[in-house]
Amino acid sequence: MRLEDIHPFVRQALVGTLNKSNTQDVHVRIKTVDCRLFYILSGSGHMTIENTRYSLYPGTAVLFRAGTEYVWEIEDVKYYSVNFDYTHAFSHIKETFHPIHSTGFREAQIIECPYFEDVPLLNAPIVLQDAPIPERMLSQITTEYFMGGIYTDMLLSALLTAAIITLVQTHANEKKPKEHADAALVRRMITFINIHYDSPVSNESIAAHFHFNSAYLNRIFKAHTGSTIHDFLISRRIVAAMEMLRSQNISVSDVACKCGFQSLHHFTKIFKARVGMTPSAYRRFVV
């Protein structure tokens, strides 16, 4: 199989929490019958995958194939989780599958496990700290998964394809030290914005957090993303606002506050400029 041939089927997408008190999967060797993509939102710890131990902290992405053995070693972690196949060959199986203890797992249980000829790194686990996958992309995957709709499957497949290709591309570029250092810094900035967009952050506060000159950070951020830091921050807030307007029964004023806008007037003005309608009109349009 080649990377260009993938057409992922998303079997489940959710925001999960793992801690010692609410799951039996911590510190237990487990395997899954389909593929997994995890993205750590908060908390820290370790994950041992095929006897290799990796650190986990916010911004870490983990991708592996069906049948991979792994162990969560955490105290309290919140994460995005996507269960999927690389093709739609078994999309008629709508069932979601929980991890199975390694001692009771059988290879025959694996739904699909293609071998990649052009991207061999996909044949092994990928773990990337400060992963470049935008949190909003995974947020959209989980939102669309629960919303459903006639084109949901197509959209989920496209979003997951983009996430997988982003991970592959980043992994391939890690051999370019300077470019990788700048890219890693930009990824940390994106992670920081994704976590703190609802706070009064600015170019200056981000620069202070990372101990770099604001102009330098803005320059490398735009070089890697095509967007200024400020524009990315506003876009992240607008995306969050759109999701809240669609899924939460709270006032527009509360949405503005929860998404980091300083006033309802400013929120309405920016939202209309970006989306083409006011927040209230958008809510009526999508609900």
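If you go through the range 196-252 and keep only what is assigned to a loop (DSSP other than H, G, I, E, B) and among the β-branched types (Val, Ile, Thr), you end up with Val201, Thr228, Ile250.
Just checking, does the range 54-63 include any residue being exposed (fewer than 15 other Cβ atoms within 10 Å of the Cβ) and of a type in the set (A, V, I, L, M, F, W, C)? Taking every residue of the range 54-63 in turn, none turns out to be exposed (fewer than 15 other Cβ atoms within 10 Å of the Cβ) and of a type in the set (A, V, I, L, M, F, W, C). Here Ala89, Ala13 are screened, and the one residue that is in a strand (DSSP E or B), aliphatic (A, V, I, L, M) and under 23 Å from Tyr145 (Cβ atoms) is Ala13. Take Asp182 and decide whether it is among the charged types (D, E, K, R), within 21 Å of the chain's Cα centre (by Cα), within 30 Å of Val127 (Cβ to Cβ) and assigned to a helix (DSSP H, G or I). Yes, satisfied. Each residue in the range 115-132 was checked for being in a loop (DSSP other than H, G, I, E, B) and open to solvent by 20 Å² or more (accessible area, probe 1.4 Å), and 8 of them qualify. The condition (being surrounded by 13 or more Cβ atoms within 10 Å (Cβ to Cβ), more than 18 Å from Lys31 (Cα to Cα) and of a type outside the set (S, T, N, Q)) is satisfied by just one residue among Glu75, Glu69, Glu112, Glu135: Glu135. The set of residues in the range 78-96 that are open to solvent by 50 Å² or more (accessible area, probe 1.4 Å) and among the small types (Gly, Ala, Ser) contains only Ala89.
For the range 193-217, filtered to residues that are crowded, with 18+ Cβ neighbours inside 10 Å and free of Cβ contacts under 8 Å to residues at least 40 places away in the same chain, the residue that is nearest to Gly260 (Cα to Cα) is Ile206. Mind checking which pairs have a first residue in the range 96-124 that is at negative phi and a second that is open to solvent by less than 20 Å² (accessible area, probe 1.4 Å) and part of a helix (DSSP H, G or I), Cβ under 6 Å, 6 or more apart or different chains? That search, which allows pairs on different chains as well, returns Phe116/Leu122; Val119/Val168.
The values are calculated or read from the model by the stated rules, or taken from the named source; none is laboratory data. Just so you know, these numbers come straight off a predicted model, no measurement behind them. Neighbour counts run over all protein chains shown; Cβ positions are idealised from the backbone, glycine included. Note: areas computed on protein heavy atoms with side chains; ligands, DNA, RNA excluded. Shrake-Rupley method; radii C 1.70, N 1.55, O 1.52, S 1.80 Å.
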